[in-house]
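Below: the structure, in C-alpha cells.
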Amino acid sequence: MTTTRFAPSPTGYLHIGNLRTALMNYLIARKAGGTFILRIDDTDPERSKEEYVDAIKQDMEWLGLHWDRVERQSERLDRYAAAADKLREIGRFYEAFETPTELDLKRKKQLNMGKPPVYDRAALNLSDDEKAALRAERGQGVWRFKLDHERIEWADGIIGDVSIDAASVSDPVLIRGDGQVLYTLASVVDDTEMGVTDVVRGSDHVTNTATQIQIIEALGGSVPRFAHHSLLTGPQGEALSKRLGTLALRDLRAKGVEPMAVLSLLARLGSSDPVELRMDMEALIDGFDVGRFGTTPTKFDVADIDPLTSRYLQALPVEAVAADLDAAGVPEGQRDAFWSVIRENIDTRADIATWWALCRDGAEPVIEDEDKDFVTEAMAMLPEGPFDADTWGTWTGAVKAATGRKGRGLFMPLRLALTGQRHGPDMGSLMPLLQVVKART
C-alpha cells in the first residue's frame, strides 16, 4: 500500500512552502488509495510549541487535507535510541568532540587546499582514554553516522537519476551533544517503521536523501521512492524565505482566500500543466502527476490566488453559500435572487455581507460637484419602491428625456448615487433588491 507523510516542525505556523510539500504527499496517497500520515517533528522540546501543533491541524483541516493518523516524534524517542544502539553495534556510529570553531577552521583549511569541506573523521582515531578526557573537558560529544564512501544513486520522481559521491559529504550528525535526536535519524526510523513508500520534499533535501538512504540500508529498512520538488521563489525570483511571514496559511485564511483556490494553484505550479481551478478535491487528485513537475525554481505570487478565489466563489450554487447568506441576514425568500445578482461581483465571502448591507440599508451616495443638480433632479423622478426589474430602465429613460444626458454621463452618476460604487452588478437586476434609496440621497 502507498503510504506518504507530512512531517512539519511545530516551531511556527505553516506557510505556502510547507503546504506544497504536504499537498503533493497527500495527493499521491489519495490517488493510490493509500495512507497519509501527519507526523509532528517535535523532538526539539525548547522550540516546539503545542499552540503550533494545534495551528498545523487547523490549517490542514481548513484545506481539506485530512490525515489518516497522527504520529508524534516526541513519543518515539525509545525507537530512535534503539536505532542508535544498532548503528553502534554494527560500527556505523561514532562520537566526535570538535567544537564549532574547530570544525570551521578545518573547513577553511580544506577549502584553501582545494578539497571539499567535509569532516575528516578525526574522531575515529581517538582512544577510549582520549574520549573520556574530552567528555570530562567538553561534555558529551555528537554522534555521527559513518558513510560508506561509494556512490549513492536513486531514480528521483522529479529530478530523474541522481548519483552522489558519499566521499563528498560529511558524515552526518544524528544526535547532538545534549542528546537531542536530529531529523535525519528520526525521519529514517519513522519512515522505515511506518512503512512509508513515497517521500516528496524540497530539492534542498537531496543531500539529506543520499545520507538517509545509507542509514535506511544500515538499519535493514526498505528505501522509499523519493521525489524532490523545486523551491518556490517570489514573483521576481527573490528568495521566498524573506516573505514567509506574509504567507502563513492562517493569514491567507483570515484574508478570505478559498482553500480550493490555494490548492488548485499549488497542485500545478511548477509543472508542465497549466494552472486550472478545481472545484473539489476529487478533481485535484485525478489530475495530479508528480512526474510532470520540473526542477527549476518556481515563481510564486500570492496575488495569483485572488482571482482563483473569485472564480471559485462565483461558480458556487446558492446552497454552498447558505451559511454566509444566513450570517449576513439575507431573508430566506430573497437568497436565490440576491446570490444570482451579486455572485459575479464578490472577491471573498466577506463581500456577501457587504452587498446585503447595501441592499438593506442603502449606501452613502457619491456625487461629483458637476453632477449635483442632475442627481437632485433625477432622484426626484425616482418612483417609490418597491422596485422591480423594469424600474432602472423606465427611470433612466425618463431622466434621459428630461435632462438630455445619455451614455456614461447618464448612468454613472446614478449608479454612484444609489450604490456609492463605480462597479457592481447590473443595475436593472440590482434595483429590485434595493430597499433604502431616497433617504440616503
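The values are calculated or read from the model by the stated rules, or taken from the named source; none is laboratory data. All values derive from a computational prediction rather than experimental measurement. Virtual Cβ from ideal backbone geometry, glycine too; neighbours counted across all protein chains shown. Keep in mind that these areas ignore ligands, DNA and RNA; they rest on the heavy atoms of the full protein, side chains included. Shrake-Rupley method; radii C 1.70, N 1.55, O 1.52, S 1.80 Å.
Quick notes
- Evaluated on region 342-441, the Kirkwood hydrodynamic radius is 13.8 Å, with distances taken between all distinct Cα atoms.
- Region 171-330: relative contact order in percent, alpha carbon pairs under 8 Å with at least 6 residues between: 20 percent
- Rounded percent of accessible protein surface that carbon and sulfur make up, the chain, 1.4 Å probe: 49 percent
- The per residue volume of the convex hull around the alpha-carbon atoms of region 176-247 is 136 Å³.
- Put a dot 7 Å past the Cα of Ser429, heading toward its Cβ, do the same for Glu137, and the two dots end up 8.1 nm apart.
- Taking amide H positions as modeled 1.01 Å from N, with prolines and chain starts lacking one, the residues under 5 Å from Ser170 and 5 or more places away or on another chain are Tyr119.
- Stretchable slack from Thr354 to Thr376, in nm (0.36 nm times residue separation minus alpha-carbon distance): 5.3 nm
- In Hz, Karplus ³J(HN,Hα) per residue of region 343-355 (6.51, -1.76, 1.60; θ = phi - 60°; x = Gly, Pro): 4, 7, 10, 10, 9, 9, 4, 4, 5, 4, 5, 5, 5
- Spatial offset of region 160-185 relative to region 326-364 amounts to 57 Å, using the alpha carbon center of each.
- A helix-only calculation puts the chain at -12500 deg cm²/dmol for mean residue ellipticity at 222 nm, using -39500 (n - 2.57) for each DSSP H run of at least four residues, averaged over all residues.
- For region 2-109, dividing the convex hull volume of the Cα atoms by the residue count gives 174 Å³ per residue.
- For region 97-199, the normalised intensity computed at q = 0.22, 0.24 Å⁻¹ comes to -1.30, -1.37 (log10 of I(q)/I(0), Debye sum over alpha carbons, equal scatterers, no solvent).
- Sites Phe411 and Val318, calculated FRET efficiency, Cβ-Cβ separation with R0 35 Å, nearest 0.05: 0.80
- Answer label, with volume of the Cα convex hull per residue in Å³ calculated from the coordinates and candidates [x] 210; [y] 177; [z] 198: [z]
- Cα centroid of region 49-107 to Cα centroid of region 248-314, whole Å: 30 Å
- ³J(HN,Hα), Karplus 6.51/-1.76/1.60, whole Hz, each residue of region 198-211, x for Gly, Pro: 9, 10, 10, 7, x, 5, 6, 9, 4, 5, 4, 4, 4, 5
- If R0 is taken as 30 Å, the Cβ-Cβ distance between Arg151 and Lys108 corresponds to a FRET efficiency of 0.65.
- For region 192-236, the relative contact order is 55 percent, taking Cα pairs closer than 8 Å that sit 6 or more residues apart in sequence and dividing their mean separation by the residue count.
- Residues of the chain: accessible area per residue with a 1.4 Å probe, Å²: 47 Å²
- Whole-Hz ³J(HN,Hα) from phi, Karplus 6.51 cos²θ - 1.76 cosθ + 1.60, for region 306-323, glycine and proline x: 4, x, 5, 4, 4, 5, 5, 5, 5, 8, 7, x, 4, 4, 6, 10, 4, 5
- With a Förster radius of 25 Å applied to the beta-carbon distance between Asp251 and Lys299, the computed FRET efficiency rounds to 0.80.
- Choice from His15, His423, His66 showing the highest fluctuation, given a GNM over the chain with Cα pairs closer than 10 Å: His423
- Sequence-separation-based contact order of the chain, relative, with Cα cut under 8 Å and 6+ spacing, percent: 13 percent
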